[in-house]
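The values are calculated or read from the model by the stated rules, or taken from the named source; none is laboratory data. As the structure is a computational prediction, the values presented were derived from the model and not from experiment. With ideal geometry, Cβ positions are generated from the backbone for all residues, glycine too; neighbour counts draw on all protein chains shown. Side chains included, ligands, DNA and RNA excluded: accessible areas come from the protein's heavy atoms. Shrake-Rupley method; radii C 1.70, N 1.55, O 1.52, S 1.80 Å.
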Amino acid sequence: MTERFDLLLTGGTVVTVDDARRIIDDGAVGIADGRIEAVGTAAELAGVRAARIVDCTGKAVLPGLVDCHTHLYQGLARSLGEGMPLWSWLSQFMWPYAAEMTLEDARAAALLGAVEAVRAGTTCIVDHHYAPSDFESTLEVAGAIESVGLRGVVARALAGPPSDVARSHGLAGKLFAHTIDEEIAITRRCIAARPPGSRVAIWPAPHNVVYTDQELIRRAVALARETGTGWHAHCASAVRDPAVYTAAYGMRPVEWLHGEGLLGAGATLAHGIHLDDREVELVGATGTAIAHCPVSNQYGGDGVLRLRDLRAAGAVVGLGSDGPAYNHRQDLFECMKQAVLVQRMHALDPCASDSEEALDLATREGARLVGIDAGVLAPGKLADVAVVGLGHAHLTPHHHIPAALTYSARGADVELTIVGGRVVFEQGRCTMVDEAAVLADAQARAEALVRRAGISR
Ligand SMILES: [Zn+2]
């Protein structure tokens, strides 16, 4: 008799985040060939044969979390660069650090970040990768992320020639190493090596709508459309961004994107905080996606996303941790909690957002942003799953499970992470890499890199 499931998770509280937002007490999830095959009560699936059965009693079983915006290369600078406005942070700290990174440093940082992610129940990431962004390093980073078991995207940053805005804000330098043609050619080769459908695919990702050359952005989006990928860029994250952009170009950044026909399916903008009413309407009407990074936004004092307005207008909003040097932790549970709290504080309204919304953003909406068939526990979906232990003081009791997961749980409570049906983290250890070696290498490389870059704090 053949086994129907490769893996059966049984006995847990199954938080499906499906269209009916079903929560199944004493539930079960059956997985076969990398996909979810059945979701039901433990009793309903009890008679089905499985190659492996995991008892999830006392645990929550939820869709793997999707981190829609990070920069893993920043991991070797964690805990440095505090207390600077964003533009100064970039010009005086992050870009000098990034300019010193080697391929080996980038690989070490990617492995470190991927380990941290799977330990916290993240199953998919969008890594906006800056440094170094040559062909070999970009593919090396994608390979490193995949080697830990994650799926996702390396959004290869395109710097191109420095725009007047970049130059006038002190950003010109080593990272602007390529012409527009060269940037497009390198990205095209990367996409050919890891096309859409790859476990870790490559997208074009201009650094920032505000300071990246406009022609480079047009060409990057054209490349994305030609090759069937998404595209990614920072947009309107710093409070001054709209004014800086308007002074240079006579219009706001999202107005320009819309005028050029660049918004819509495949467009994923990181932050999108400082949008006026018209820009919110344009983002929503075109179904453009926003990667919302609430912890990062608070760390930088950057501002509060117009979450309710954007979602009401039709925007897709997922959650991002943002780089480890601008958040300091790759923990989407923390992001879920902060996504709610920052809305409430800003609106002075306890109803401004809630835990159900946070869970949606971290799972099904994130999967929509990335364009993967995941984020929901339902038959046919990719088997990306996180199992959270509930038997802790800070999770006792857990009357309402979305609230318990959003406000009480933390990444460290994750006990099992599954990506595409494969267990990548369990019993306190990553299954596909030697974690101790990853941490030791990252520590040694971080010390040498920070010394080379001349950064002291
Ligand atoms: Zn970012």
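Data for the structure
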quantity	calculated
Residue identified as open to solvent by 10 Å² or more (accessible area, probe 1.4 Å) and part of a helix (DSSP H, G or I) among 444, 358, 362	444
Test result for residue 27, open to solvent by less than 20 Å² (accessible area, probe 1.4 Å) and either at pLDDT 95 or above or out of contact with any His (no Cβ under 6 Å at 6 or more places or on another chain) (or both)	yes
Residue satisfying condition, being surrounded by fewer than 17 Cβ atoms within 10 Å (Cβ to Cβ), among the aliphatic types (A, V, I, L, M), without any contact (Cβ under 8 Å) to a residue 24 or more places away in the chain and away from the ligand (no atom under 16 Å from the Cβ), within set 393, 312	393
Per-region count, the stretch 268-299, residues farther than 16 Å from residue 242 by Cβ and within 16 Å of the ligand (Cβ to nearest atom)	10
Residue in the stretch 160-203 that is least open to solvent (accessible area, probe 1.4 Å), counting only those that are part of a helix (DSSP H, G or I) and of a type in the set (Gly, Ala, Ser)	166
Subset of the stretch 132-153 (residues that are hydrophobic (A, V, I, L, M, F, W, C) and within 13 Å of residue 113 (Cα to Cα))	141, 142, 144, 145, 148, 150
Neighbours by Cβ (under 7 Å, 6+ apart or cross-chain): first from the stretch 68-90, on the phi > 0 side of the Ramachandran plot; second part of a helix (DSSP H, G or I) and hydrophobic (A, V, I, L, M, F, W, C)	81/89; 81/93; 81/94
Residue count for the stretch 142-156, restricted to those that are surrounded by 24 or more Cβ atoms within 10 Å (Cβ to Cβ), under 15 Å from the mean Cα position of the chain (by Cα) and not in a loop (DSSP other than H, G, I, E, B)	7
Hits in the stretch 30-59 (condition: outside any strand (DSSP E or B), open to solvent by 50 Å² or more (accessible area, probe 1.4 Å) and among the hydrophobic types (A, V, I, L, M, F, W, C))	43, 46
Qualifying residue in the stretch 265-281 (condition: in contact with a helix residue (DSSP H, G or I) (Cβ under 8 Å, 6 or more places away or on another chain), open to solvent by 20 Å² or more (accessible area, probe 1.4 Å), in a loop (DSSP other than H, G, I, E, B) and among the β-branched types (Val, Ile, Thr))	no
Looking only at the stretch 215-262, and only at residues there that are among the hydroxyl-bearing types (Ser, Thr, Tyr) and not in a helix (DSSP H, G or I), the one that is nearest to residue 181 (Cα to Cα)	229
Residue within the stretch 61-74 that is among the polar types (S, T, N, Q), within 16 Å of the ligand (Cβ to nearest atom) and at pLDDT 95 or above present	yes
Subset of the stretch 323-355 that is assigned to a helix (DSSP H, G or I) and under 22 Å from residue 116 (Cβ atoms) - its residue that is nearest to the ligand (Cβ to nearest atom)	335
